[in-house]
């Protein structure tokens with residue numbers, strides 16, 4: 001697969017913000033020509049599917065300025081320096097929905113937009129939830145809501161849930177739960 005690799009010839013940080021950076025790279029293409037790549041530099045993040053004992057998922061309603069509307073999402077947040085993904089997931093659960101997890105299962109890690117961003121998202125399933133206090137970011141306003149998993153899956157199909165990380169994580173959990181139920185129904 002070496003014939004697909006691009007080689008970075010020059011790299012310039014154009015913008016270094018609070019949450020993201022923007023880098024311009026000059027690259028050599030596999031055929032020897034050069035091109036420019038603009039890269040959003042991100043420290044990485046977590047997304048958590050908090051599953052209550054009754055089968056409901058705790059989502060957050062949050063206004064997203066970039067798209068100009070309120071979206072339904074799973075709790076998520078950006079990694080702090082020297083913070084593990086697990087520590088970040090537990091912090092975000094406390095801050096956004098007021099819970100902690102007795103069990104935190106890493107489901108997968110996915111790139112959100114690898115065509116232009118370095119952001120790697122670590123997806124977790126949180127179970128055995130119990131109330132816990134946490135302090136929200138000063139510029140963050142969210143409203144938690146518990147919705148049955150099956151209803152959330154229908155909302156994805158109806159286009160009511162449009163956040164990509166939420167769609168991917170919930171479908172992964174739904175699929176995983178179906179496999180667990182199928183395994184329990186299968187005679188040994």
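Identify the residues of the range 20-35 with backbone N under 18 Å of a label point that sits 7 angstrom from the Cα of residue 3 along the Cα-to-Cβ direction, or state none.
29-33
On a 0 to 90° scale, report how tilted helix 85-97 is relative to the longest principal axis of the chain, with both axes built from alpha carbons and the result rounded to the nearest 10.
60 degrees
Tell me the relative contact order for the chain as a rounded percent, counting alpha carbon contacts under 8 Å between residues six or more apart. Provide the component values of the computation, followed by the final result.
Details: 361 pairs, mean separation 39.1, N = 188.
This gives 21 percent for the chain.
Considering the convex hull of the alpha carbon atoms of the chain, report its projected area averaged over all viewing directions, in nm², one decimal.
14.6 nm²
May I ask you to compute the full-extension gain from residue 151 to residue 25, defined as 0.36 nm times their residue separation minus their alpha-carbon distance, rounded to one decimal in nm? Mind showing how you got there, number by number?
Working: separation 126, 0.36 × 126 = 45.36 nm, distance 4.40 nm.
Gain in length upon complete extension: 41.0 nm.
Expressed in nm to one decimal, what extension gain is obtained for the pair residue 61 and residue 34 from 0.36 nm per residue of sequence separation less their Cα-Cα distance? Don't skip to the end; give the middle numbers.
Numbers: separation 27, 0.36 × 27 = 9.72 nm, distance 4.38 nm.
Between residue 61 and residue 34, full extension yields an extra 5.3 nm.
Please provide three numbers in whole Å: the alpha-carbon extents of the range 2-57 along the principal axes, with the largest listed first.
Reported extents, whole Å, longest axis first: 58, 31, 11.
Out of every Cα pair in the range 46-154, what percent are spaced more than 18 Å from each other? Please report the intermediate quantities before stating the final value.
On the way: 2935 of 5886 pairs.
Roughly 50 percent, rounded to a whole number.
Helix 164-185 against the longest principal axis of the chain: what's the angle in degrees, Cα atoms only, rounded to the nearest 10?
Compared with the principal axis, the helix lies near 50 degrees.
In deg cm²/dmol, rounded to 500, what helix-only [θ] at 222 nm does the chain give when every DSSP H run of at least 4 residues adds -39500 (n - 2.57) and the total is split over its residues? Mind dumping the intermediate values first?
Values: 3 runs with 44 residues, N = 188.
Rounded to the nearest 500, the figure is -7500 deg cm²/dmol.
Based on Cα coordinates alone, diagonalise the gyration tensor for the range 100-160, multiply each eigenvalue by 5, take square roots, and list the semi-axes in whole Å, largest first. Each step should come with its number before you reach the end.
Details: eigenvalues 101, 76, 53 Å².
So the equivalent ellipsoid measures 22, 19, 16 Å along its semi-axes.
Any read-out appearing in this document is the output of simple, stated calculations on the displayed coordinates, not a laboratory observation. Computed from a prediction, not measured in an experiment: that's the story for all the values here. Backbone-built Cβ (ideal geometry, glycine too); neighbour counts: all protein chains shown.
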